[in-house]
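Shown next, in structure tokens, is the structure this report addresses.
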Amino acid sequence: MVSTQQRNKIHPHKFTLWIAIGSIIMMFAGLTSAYIVKSGQAGWHEVKTPMLFWYSTALLLTSSITIQAALRSFKHRSMATFRALLLATLVLGLAFVVIQYKGFLWLWDRGVHFEGSSGAGQFLYIIFGLHALHVLGGLVALVSLFIRQYIGRFRSYNVTPIEIMSTYWHFVDVLWIYLFVFFIWIG
Amino acid sequence: MNNESQSHVQEGAVTHDVHHNGNGHDGHHHHKETFITKYIFSQDHKTIAKQFLITGMIWAIIGALFSVLFRLQLGFPDESFPILETFFGKWAKGGRIAPEFYYALITMHGTILVFFVLTAGLSGTFANLLIPLQVGARDMASPFMNMLSYWFFFLASVVMMSSLFVSTGPASGGWTMYPPLSALGQANLGSRIGTDLWITSMALFVVSSLLGGLNYVATILNMRTKGMSMTRMPLTIWGLFFTAILGILSFPVLLSGFILLLFDRNLGTSFYLSDIYTAGQALPNEGGSPILYQHLFWFLGHPEVYIIILPAMGMVSEIMSVNSRKPIFGYMAMVGSLFAICVLAFLVWAHHMFVSGMNPFMGSVFVLLTLLIAIPSAIKVFNWITTIWRGNIRFTPAMLFSIGFVSLFISGGLTGIWLGNSTIDIHVHDTYFVIAHFHIVMGVSAFFGMFAGVYHWFPKMFGRYLNNTLGYIHFWVTLAGAYLIFWPMHYMGLAGVPRRYLDFSIWKSFNQFNSLNQMISVVTIIVFAVNLMFVFNFFYSMFKGRKLRTQNPWNSASLEWTTPIHPGHGNWAGEIPEVHRWPYDYGKDGRDFIPQTEPIGANESKH
Ligand code: HEM
Ligand SMILES: [Cu+2]
């Protein structure tokens, strides 16, 4: 739609993603600073971090590797490998979300509920939950990217969408590491 | 209701909007456009701008009407007004506003004007209209996201509008929506479903601003035409650029604050709640802190006031330079001060919380940072005045509104310095002094910036002029009215009259202000009427106004006036022009103005 004759240093969509990442960071910065402020006040309850979150961390880290490899194979035009790696990323991401949910259930069963006095648990549900939502958003994008490999007239070779996808995916990964370390450290 | 009036307006636009033949748009061919893709789900930034503007105008009428109606009661507390019952039904039985409904009205008035009119209506309109036109781009970086941005705003509008009609009434916790009042349904009727709708609507609103803001920044940084270096951009663009950055960095924090509030309201968490008794019964919430909400809110809330004013500052700079036929004074200082304001805006939020029990040492840090904002603000004021100083001034309505803007910004900025000193603020916090401060410095002056923009760029939007005579009446009555309404409120505030009270009649010491209050209410009605006249002028001129015959009616140097009178989607018929100079070459080397597109001459002097 927009004319190509303009001089683009960096693709505008990529650039937009970077700003969006800044915006998402601010949101989690707001929440984690709220956590720090609150944790110093009376009536604060700690929680035990479930083992499950270690597994999900491993999954998400692996998925970062697979999407990077996918990008590489796309650039080398080995499309079959590319698709396989994309699918692998998809599965790993999905598994991550499922395990997060299991982790929530684990906590819930051990009496960490929404109701009543405040504490790390309430923050954990919200912060990890919002992070999982961002992963889900990435999964939706992955699915549509995957589908477009098979149907539609999407045959022209264009690496930009895949680069954007992988950047976002690495971002949710790094964001998760930050949040997880934050909870282990401060919590 | 929104939708109806809007599509109606745009239907009308078909008749005169002669679509420029879409030849030679390199890079894309014209697919057949239907009414729907052209006027409703349009991806053309110019159409989206009009959608934002008209939706914003509808909201402005509603928001202002609310203030007129509650001013009736404030000015004449003993009277009853049947018209109030006509409008509000059970909330104004016997023609008198119910006290709890007064809260709902001021909450809605504030929310509507701050967010829906002066944020979406102002930035949405002018960022969309001007960014591609002034930097030389065919459209936004992502026209689709841009369209989504409008439709999220529209959805937010629908939800907010519907909250006006629920049986327990709309949200009534104030535009700042402080808990615990806003968190507990049992505390207040408006804190029931009305507040959930408010939060939902605001969440949609945040999404809309983020989609818009991302696009504005990406477009400004990536899509400028050849030769348009950052320092050759009009100050309008700089203003809109910093506005977008402020929004991108602060709205997400507000969103996280709202999410926590939503959980406290509906799922029993205790982020903001602790040790609360309602109806003699203790709530289980423990360990929460309402101050946390204030921090999260004002971390957005303060940048928000600059989100509102920076676009107006940018437009006013541009309009003043064009209409005094003089280059803007101190271009780099203008950009630098915008940047300084933008940085400081993130460091002063706690000046809204001096009385929240904060540590006095912290308080004094925030006093210092707050007062620092006076420096860039003063630089801007100085430069505006020197720009028009000995200029060859053309007093168009747009120019008058710009000068009015500067006047109001000075008046309101000065009281900001009072408030920024915590020693004074502790006394006048939550009084009419604060009301006077922010209505003058933000409310009215941002409106003036917006009016200036509408009068100036109306010809670009619709190919016709607004009626000048009506414009002059509009300006003088509104300016005089604004000062008559808000100036006296300073005195009331200094005497201690608190904000957010419906009736002071049993408070004997405040009865000295009775006739003042009446005067304010009467003037409010007059100003409202004159602004309805502006709305009439707007729609009348859209169809019947004097036609534009030249491309560049104001003899302006910037790029938007090099497009055809009715630009098609893609803006320039042929190639996008190349830019060779800054946009403020007025009165240079004996020439009235030199357009940005003209190459630098051999013996041209430097600016
Ligand atoms: C010299 C610059 C300014 C200073 C030092 C300043 C200072 C302050 C302070 C200390 C308050 C808190 C008053 C209180 O609640 O007790 C305040 C309120 C406010 N200011 Fe300013 N201000 C300045 C300029 C502005 C500008 C430019 C805007 C908007 C464009 C603005 C908008 C507001 C608003 C909306 C509020 C009230 C919010 C509320 O409580 O509902 N101020 N200002
Ligand atoms: Cu402030």
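The values are calculated or read from the model by the stated rules, or taken from the named source; none is laboratory data. Only a predicted model underlies this, so the values are computations on that prediction, with no experimental measurement involved. For neighbour counting, all protein chains shown are included, and Cβ atoms are generated from backbone atoms with ideal geometry for every residue, glycine included.
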- Which numbered condition trips up B:VAL348, out of (1) away from ligand 2 (no atom under 14 Å from the Cβ); (2) in contact with a Phe, Trp or Tyr (Cβ under 8 Å, 6 or more places away or on another chain)? (1)
- Message: Looking at (1) more than 10 Å from ligand 1 (Cβ to nearest atom); (2) more than 14 Å from B:ILE245 (Cβ to Cβ); (3) among the hydrophobic types (A, V, I, L, M, F, W, C), which one does B:ALA340 not meet, given that it meets all the others?
- Response: (2)
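Being more than 28 Å from the chain's Cα centre (by Cα), under 23 Å from B:PRO77 (Cβ atoms) and either exposed (fewer than 15 other Cβ atoms within 10 Å of the Cβ) or not β-branched (Val, Ile, Thr) (or both) narrows it down to one of B:PHE510, B:PHE528, so name that one.
B:PHE510
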- Message: Let me spell it out: the conditions are (1) within 9 Å of chain B (Cβ to nearest Cβ); (2) crowded, with 17+ Cβ neighbours inside 10 Å, and A:TRP44 meets all of them except one. Which number is the exception?
- Response: (2)
- Task: Just name the residue that is nearest to the other protein chains (Cβ to nearest Cβ) out of those in the range B:559-590 that are touching a Ser or Thr at 6+ places or on another chain (Cβ under 8 Å) and among the polar types (S, T, N, Q).
- Result: B:ASN571
- Message: Can you find, within the range B:462-473, the residue that is farthest from B:GLY568 (Cα to Cα) among those that are surrounded by fewer than 19 Cβ atoms within 10 Å (Cβ to Cβ) and of a type in the set (A, V, I, L, M)?
- Response: B:ILE473
- Message: Here's a check for you: in the range B:343-365, which residue that is in a helix (DSSP H, G or I) and under 20 Å from B:VAL441 (Cα atoms) is farthest from ligand 1 (Cβ to nearest atom)?
- Response: B:VAL343
- Message: I'm trying to understand the selection: among the residues of the range B:585-607, which are more than 33 Å from the chain's Cα centre (by Cα), closer than 18 Å to B:ASN392 by Cβ and not charged (D, E, K, R)?
- Response: B:GLY590, B:HIS607
- Message: Taking the conditions exactly as written (away from every other protein chain (no Cβ under 14 Å) and surrounded by 20 or more Cβ atoms within 10 Å (Cβ to Cβ)), does A:THR89 satisfy them or not?
- Response: yes
- Just checking, which of B:ILE424, B:ILE520 is part of a helix (DSSP H, G or I), free of Cβ contacts under 8 Å to residues at least 24 places away in the same chain and of a type in the set (Val, Ile, Thr)? B:ILE424
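Every residue, every condition in (1) away from chain A (no Cβ under 14 Å); (2) at pLDDT 95 or above; (3) within 15 Å of ligand 2 (Cβ to nearest atom), yes or no:
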| residue | (1), (2), (3) |
| --- | --- |
| B:PRO360 | yes, no, no |
| B:THR370 | yes, yes, yes |
| B:SER377 | yes, yes, yes |
| B:VAL381 | yes, yes, no |
| B:TRP384 | yes, yes, no |
| B:ASN392 | yes, no, no |
| B:PHE405 | yes, yes, no |
- Query: Do we have B:LEU254 as within 20 Å of the chain's Cα centre (by Cα), farther than 30 Å from B:PHE593 by Cβ and either hydroxyl-bearing (Ser, Thr, Tyr) or surrounded by 21 or more Cβ atoms within 10 Å (Cβ to Cβ) (or both) here?
  - Reply: yes
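With the condition kept exactly as written, say whether any residue in the range B:237-256 is hydrophobic (A, V, I, L, M, F, W, C), without any contact (Cβ under 8 Å) to a residue 24 or more places away in the chain and more than 16 Å from ligand 1 (Cβ to nearest atom).
No, the range B:237-256 contains no residue that is hydrophobic (A, V, I, L, M, F, W, C), without any contact (Cβ under 8 Å) to a residue 24 or more places away in the chain and more than 16 Å from ligand 1 (Cβ to nearest atom).
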- For the range A:92-131, enumerate the residues that are of a type in the set (S, T, N, Q) and more than 11 Å from every other protein chain (Cβ to nearest Cβ). A:GLN100
- Item | Cross-chain or 6+ apart pairs with Cβ under 9 Å, the range B:342-356 first and surrounded by fewer than 20 Cβ atoms within 10 Å (Cβ to Cβ), then acidic (Asp, Glu) and assigned to a helix (DSSP H, G or I) | B:VAL355/B:ASP425
- Message: For the range B:302-337: of the residues being of a type in the set (A, V, I, L, M) and over 17 Å from B:ALA244 (Cβ atoms), which is farthest from ligand 2 (Cβ to nearest atom)?
- Response: B:VAL322
- Message: Looking at B:LEU197, B:LEU214 in this structure, which one is touching a Ser or Thr at 6+ places or on another chain (Cβ under 7 Å), in a helix (DSSP H, G or I) and more than 10 Å from every other protein chain (Cβ to nearest Cβ)?
- Response: B:LEU197
- Item | One residue from B:ASP430, B:ASP425 being surrounded by fewer than 21 Cβ atoms within 10 Å (Cβ to Cβ), within 16 Å of ligand 2 (Cβ to nearest atom) and away from chain A (no Cβ under 14 Å) | B:ASP430
- Output the residues belonging to the range B:295-327 that are among the small types (Gly, Ala, Ser) and more than 9 Å from ligand 1 (Cβ to nearest atom). B:GLY314, B:SER317, B:SER321, B:SER324
- Subset of the range B:270-286 that is surrounded by fewer than 21 Cβ atoms within 10 Å (Cβ to Cβ) and within 11 Å of another protein chain (Cβ to nearest Cβ) - its residue that is nearest to the chain's Cα centre (by Cα): B:SER274
- Message: Just checking, does the range B:267-277 include any residue being touching a residue at least 40 places away in the same chain (Cβ under 8 Å) and assigned to a helix (DSSP H, G or I)?
- Response: no
